[in-house]
Amino acid sequence: MKHIAILASGNGTNAENIIRYFSNEKKAKVTLVLSNKPQAIVLKRAAALGVDSFFFDRTQFYETGEVLMMLQRREIDLVVLAGFLWLTPPDIVEAFRGRIVNIHPALLPGFGGKGMYGDRVHRSVLDAGCTESGITIHYVNEQYDSGDIIFQARCPVLPDDDLHSLAERVHSLEYEHYPAVISSLIDNL
Ligand code: GAR
């Protein structure tokens, strides 16, 4: 059985969706959830679903290598970022190259980069007058949102959309596709 770790910073609805999807799978399970925010709801969601979940700080992520060591000690095969807002350090990118993925709530290469996350992305899409948005699942490299694209799905931006309605439509796409894409990546590990 393959082991999946999820890194998330906030609410964790994607994390929960992925945990639930793989709870009925034999080939892989989410065995670890890590967050850079001690109060993140994702930690509570994971704990409620019986998945080990921990907070880590900047030093443990960027300086001491403790996060990387934990991923290795727990024999993690695939690292999944789901609403995770810090740039991944080079040692983790290198150790997991081709085995670390992110989801972005827009059609990259548009609307990506540092500071572009969550509602900020949807606000920019609306302000730009786009008629289409979507999701991008991509490999993680040393820069924000610039690794090779694995999968994209599109949805319309409707004339009367606001932040809430667009975010909801994009989130639905994420719930529909992220677990399935992860599942196919697992098949190829
Ligand atoms: C998701 O929409 C995800 O695509 C986005 O944060 C949201 C997290 O929601 N990620 C980024 O913007 C990364 N740049 P969730 O915590 O409910 O899963």
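Readers should treat all values here as calculations from the given coordinates under stated rules, not as data from a laboratory. Nothing here was measured: the structure is a model prediction, and the numbers come from that model. Here the Cβ is made from the backbone with ideal geometry for all residues, glycine too, and neighbour counts use every protein chain on show.
Numbers for the structure displayed
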item	result
Lone qualifier among Val170, Val93 - being within 9 Å of the ligand (Cβ to nearest atom), touching a strand residue (DSSP E or B) at 6+ places or on another chain (Cβ under 7 Å) and more than 22 Å from Leu43 (Cα to Cα)	Val170
Filter result (surrounded by 15 or more Cβ atoms within 10 Å (Cβ to Cβ) and either of a type outside the set (S, T, N, Q) or in contact with a His (Cβ under 8 Å, 6 or more places away or on another chain) (or both)) within region 127-141	Cys130, Ser133, Gly134, Ile135, Thr136, Ile137, His138, Tyr139, Val140
Single unsatisfied condition, Gln72 versus (1) assigned to a helix (DSSP H, G or I); (2) free of Cβ contacts under 8 Å to residues at least 12 places away in the same chain; (3) away from the ligand (no atom under 16 Å from the Cβ); (4) loosely packed, with under 14 Cβ neighbours inside 10 Å	(2)
Condition met for Asp161 (acidic (Asp, Glu) and farther than 21 Å from His3 by Cα)	yes
Pair list, Cβ < 8 Å and 6+ apart or interchain, from region 47-65 residues that are under 13 Å from Ala15 (Cα atoms) to residues that are surrounded by 15 or more Cβ atoms within 10 Å (Cβ to Cβ) and among the aromatic types (Phe, Trp, Tyr)	none
